[in-house]
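Worksheet: one structure, shown below.
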Amino acid sequence: MKIIVTGGAGYIGSHTVVELLHAGFNPIIIDNLSNTDTRNIKGIKKITGKDVKFYNVDCTDSSSIKSIFEKEKDILALIHFAAFKSVEESLRLPEKYFKNNIGSLEVILYQMKKHNIDNIIFSSSCTVYGSPEKLPVTESSPFRNPESPYAETKQKCEEILKDSSLKSISLRYFNPIGSHPTGLIGDCSADRPANLVPIICEVASKKRENLVVNGNDYNTVDGTCVRDYIHVIDLAKSHVQALKYLLKNNCKEVFNIGTGQGLSILEIIHNFEKANQVKINFTFGPRRDGDIDKIYSDNLKVNKKLKWSSQISINQAMIDSWNWQLNKIK
Ligand SMILES: NC(=O)c1ccc[n+]([C@@H]2O[C@H](COP(=O)([O-])OP(=O)(O)OC[C@H]3O[C@@H](n4cnc5c(N)ncnc54)[C@H](O)[C@@H]3O)[C@@H](O)[C@H]2O)c1
């Protein structure tokens, strides 16, 4: 049961590869290591005891993708994680995001059709909802004005999939956090993190002096932004459920993948301090471009159709996030 996992050496991809192996699938990774390194591939082997085939290839490189698909016979499905993911960078370098995020999907789809591979799961994002009118957001909430070129690439990719002849599931992730409890796989991005929990971890480890909380005048419980934080292992497991569903059904579907609970930045800081018994220094700064005040998921559809719901507590997610940071700096 061969499954191609593009971006499988990255943060969410590596956790999904572990869950696919646990579920009896045979994942094959394609990743150009543009935002990771080989640590996660070694980590997957240590966690599962299995060697996973890895191609160091760029998904926008049509001829290399073609040769992989020719070489690897009987591919059941493809999970497409490969993309750039920084909202902030996409505001500065939009072309880089359009070229890689949309370009890679186009190459993959073209080669899938040529090689009669019918099933694709796509990493989408709750950013497709822009600043939603109603909360929680359901899958039928409309796409709104994208707050960044990154969000625009996710909207565009979903539209491409809708128009394609292939069966597909787009998973709209909310905010992934945490890591495998072994501390062997995680987010290996070379750049300074732009997401809240990785920044908190850097403050806790004294790599950064303090956390700047961007904006305290939003229309939320304490004035700071509210998001739906989901443990990456829960998120990874949703791909296994989606894959099983896709293989059985002739469908084009989208699902929200969140916990359904919104937490503010200050609540996350408090949870992290409590779970790990460390103090996080923070100050308030100006609002950040592209941020909306609050968003969290309605999970009814995914609970019912994929029989999936998040299981891991926010407390555990905070412990696992800190554990990854400690392992990373060893
Ligand atoms: N982490 C989040 O907060 C978040 C939220 C919503 C959606 N997503 C989406 O989930 C997916 C995975 O995100 P992640 O957090 O694991 O990021 P990540 O950067 O850790 O993983 C993406 C992987 O894709 C690889 N990659 C990028 N472009 C490539 C290309 N052209 N060819 C081959 N490999 C390429 C990178 O090297 C990296 O290993 C992305 O599509 C991202 O947009 C992430």
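The values are calculated or read from the model by the stated rules, or taken from the named source; none is laboratory data. Everything numeric here is computed off the predicted structure, so don't read it as measured data. Because the Cβ atoms are built from the backbone with ideal geometry, glycine has one as well, and the counts that use them run over all protein chains shown.
Scanning segment 149-177 for residues that are hydrophobic (A, V, I, L, M, F, W, C), more than 16 Å from the chain's Cα centre (by Cα) and part of a helix (DSSP H, G or I) yields I160, L161. Summed over segment 227-260, the residues that are aliphatic (A, V, I, L, M) and in contact with an Asp or Glu (Cβ under 7 Å, 6 or more places away or on another chain) give a count of 3.
From the list F98, F84, the lone residue that is more than 21 Å from P27 (Cβ to Cβ), within 21 Å of the chain's Cα centre (by Cα), among the aromatic types (F, W, Y) and more than 12 Å from the ligand (Cβ to nearest atom) is F98. Within 24 Å of D58 (Cβ to Cβ), assigned to a helix (DSSP H, G or I) and not basic (K, R) - does that describe any residue in segment 132-148? No. From the list L184, L247, L235, the lone residue that is at pLDDT 95 or above, closer than 24 Å to I102 by Cβ and of a type in the set (A, V, I, L, M, F, W, C) is L235. When you scan segment 110-125, do you find a residue that is on the phi > 0 side of the Ramachandran plot, modelled with pLDDT of 95 or more and crowded, with 23+ Cβ neighbours inside 10 Å, even just one? Taking every residue of segment 110-125 in turn, none turns out to be on the phi > 0 side of the Ramachandran plot, modelled with pLDDT of 95 or more and crowded, with 23+ Cβ neighbours inside 10 Å. From the list I12, I28, I79, the one residue that fits, being more than 23 Å from S125 (Cα to Cα) and of a type in the set (A, V, I, L, M, F, W, C), is I28.
Within segment 173-185, residues that are more than 10 Å from I319 (Cα to Cα) and away from the ligand (no atom under 11 Å from the Cβ) sit with their Cβ atoms under 7 Å from residues that are polar (S, T, N, Q) and not in a loop (DSSP other than H, G, I, E, B), at 6+ positions apart or across chains, in these pairs: G183/N323; G183/N327. Between I269, I265, I295, I280, the distinction of being of a type in the set (A, V, I, L, M) and more than 20 Å from E202 (Cβ to Cβ) belongs to I295 only.
Filter segment 1-19 down to the residues that are near the ligand (Cβ under 6 Å from one of its atoms) and in a loop (DSSP other than H, G, I, E, B), then identify the one that is nearest to E70 (Cα to Cα). Filtering first and then ranking leaves G7.
Looking only at residues of segment 118-131 that are part of a loop (DSSP other than H, G, I, E, B) and out of contact with any strand residue (DSSP E or B) (no Cβ under 6 Å at 6 or more places or on another chain), we find that the one that is farthest from E158 (Cα to Cα) is S131. Among the residues of segment 205-225, is there at least one that is surrounded by 15 or more Cβ atoms within 10 Å (Cβ to Cβ), within 11 Å of the ligand (Cβ to nearest atom) and in contact (Cβ under 8 Å) with a residue 12 or more places away in the chain? Looking for residues that are surrounded by 15 or more Cβ atoms within 10 Å (Cβ to Cβ), within 11 Å of the ligand (Cβ to nearest atom) and in contact (Cβ under 8 Å) with a residue 12 or more places away in the chain, one finds none in segment 205-225, hence no. I199 meets all of the listed conditions (1) away from the ligand (no atom under 13 Å from the Cβ); (2) without any contact (Cβ under 8 Å) to a residue 60 or more places away in the chain but one, namely (1). If you go through segment 103-158 and pick out every residue that is aliphatic (A, V, I, L, M) and in contact with a His (Cβ under 8 Å, 6 or more places away or on another chain), you end up with 4. Taking residues in segment 20-34 that are more than 15 Å from the ligand (Cβ to nearest atom), and partners anywhere that are modelled with pLDDT under 95, the pairs with Cβ atoms closer than 6 Å and at least 6 places apart or on different chains are F25/M1; N26/M1. Are there any pairs, at least 6 apart or on different chains, whose C-beta atoms fall under 8 Å, with the first in segment 267-292 and touching a residue at least 24 places away in the same chain (Cβ under 8 Å) and among the basic types (K, R) and the second surrounded by 17 or more Cβ atoms within 10 Å (Cβ to Cβ) and outside any helix (DSSP H, G or I), and if so, which? Correct list of pairs: R287/N214; R287/G215; R287/Y218; R288/N214; R288/G215.
Residues that are touching a Ser or Thr at 6+ places or on another chain (Cβ under 7 Å) and within 13 Å of I4 (Cα to Cα) were ranked within segment 53-72; the one that is farthest from the ligand (Cβ to nearest atom) is V57.
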